[in-house]
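Report on the following structure.
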Amino acid sequence: MLAALYEQGADVPRDLAAARKWRCLADRDSKAPRQSAPQFSPDRSCDPVAPAELQKIRASAEGGDATAQNLLGTLLAQGTGIDADARQALRWFREAAKRGDGDAQRNLGAMYEIGLGVDVDYRQARAWYGKAPGEDAMRSANRVELLIGWQDLEWGAPLAKRPGFAFAQPPAMLERSMSLQRLLSGRAHYAFHARRADSLQFGGATVKRIVYQSLMQRDGLCAVWIEFEGRGNHRALLQSLASWYGPPHAQTSVNDDRLSMRAWDFHGGVRVLLEHFQWAAADESLGWLAVWHASC
């Protein structure tokens, strides 16, 4: 997580050398996957690069070899064996992507997602991830889709006057959850909406309802709550999350006889929160899957 902060320049000056240091320590000390954070392919952040090897890579890149162009871009982006230069990295990724190199296409997506050498642009990131082959690229595209909005709705889009939306009373369980949210946020009022066209299928699971939340009646979308019940539905939702977004790079978990809670944090200010209420005496369980934006 510290490496990601230095990569993005979030609350600290952007420092790719520091990011590389902490990334290498994390890779050495942990096997935890990082699919829910942008990463480069191949990851050369921990590999020393001899001057002779670097010269050979550069010569091949200048000769039009797409694999070498992507590798040179990676070394420049990560500052491995060479001074970091994000704009030059972007240039070589583009050259390789023009030649159809899938890794370069995914790396361009990461550059736009992080805002390295270019302004953050989640739509461009999604477009480049979408061109790249493989499950990692697909998960990255899904992750960016989450940062852009929810089911064709932008975060912050006013809901009250949108076709198909109507004000709704929050279910009792959600109302109880909101009492804590109000206390933590200091905001007294939230508005809830329902959408007539919503399917009650989500990731292979049948859900009871989907409720959209805004700060006030006039404000825009800040959270989506999906109510489910049944142990099978809980497992299906977990499997869908893993297949769409990959294992989390930042996760909070609480587990006891009554409650299981998991939170996936994304650097664009979005949290996926799974609250699974367990009843020890019954074969049923129920809970919420929330997609929650920092604006809440």
What FRET efficiency do you get for Q169 and D11 if R0 is 41 Å and r is their Cβ-Cβ distance, rounded to the nearest 0.05? 0.60
Between M138 and K161, what is the spin-label point distance in nm, taking each point 7 Å from the Cα along the Cα→C-beta axis? 4.0 nm
Could you work out the Rg to Rh ratio of the stretch 68-117, with Rh taken as the Kirkwood radius (inverse of the mean 1/r over all Cα pairs)? 0.93
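What is the calculated FRET efficiency for K56 to R87, with r their C-beta to C-beta distance and R₀ = 22 Å, to the nearest 0.05?
Values: r = 23 Å, r/R0 = 1.04.
Approximately 0.45, to the nearest 0.05.
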Tell me the angle of helix 172-185 to the major Cα principal axis of the chain, expressed in degrees between 0 and 90 and rounded to the nearest ten. 60 degrees
Given contacts defined as C-alpha pairs under 8 Å and at least six residues apart, what's the relative contact order of the stretch 35-181, whole-number percent? 17 percent
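When the chain is fully extended, how far beyond the present Cα-Cα distance does M1 get from M261, taking 0.36 nm per residue of separation?
Values: separation 260, 0.36 × 260 = 93.60 nm, distance 2.04 nm.
Taking 0.36 nm per residue and subtracting the Cα distance, the gain is 91.6 nm.
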Let me have the 222 nm mean residue ellipticity of the chain computed from DSSP H runs of 4+ only, each contributing -39500 (n - 2.57), with the sum over all residues rounded to the nearest 500. -13500 deg cm²/dmol
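Could you line up L241, L184, L200 from fewest to most neighbouring Cβ atoms inside 10 Å?
L184, L200, L241
Based on Cα coordinates alone, diagonalise the gyration tensor for the chain, multiply each eigenvalue by 5, take square roots, and list the semi-axes in whole Å, largest first.
Working: eigenvalues 327, 81, 62 Å².
Here the semi-axes work out to 40, 20, 18 Å.
Which order results if R123, R262 are arranged by neighbouring Cβ count within 10 Å, fewest first?
Details: R123 11, R262 18.
Listing R123, R262 from fewest to most nearby Cβ atoms yields R123, R262.
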So what is the relative contact order of the chain, in percent, for Cα pairs below 8 Å that sit 6 or more residues apart? 13 percent
Counting all Cα-Cα pairs in the stretch 2-150, those more than 18 Å apart amount in percent to 55 percent
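Readers should treat all values here as calculations from the given coordinates under stated rules, not as data from a laboratory. The model shown is predicted, which means the values in this text are computed figures rather than measured ones. Every residue, glycine among them, receives a Cβ derived from its backbone with ideal geometry; neighbour counts consider all protein chains shown.
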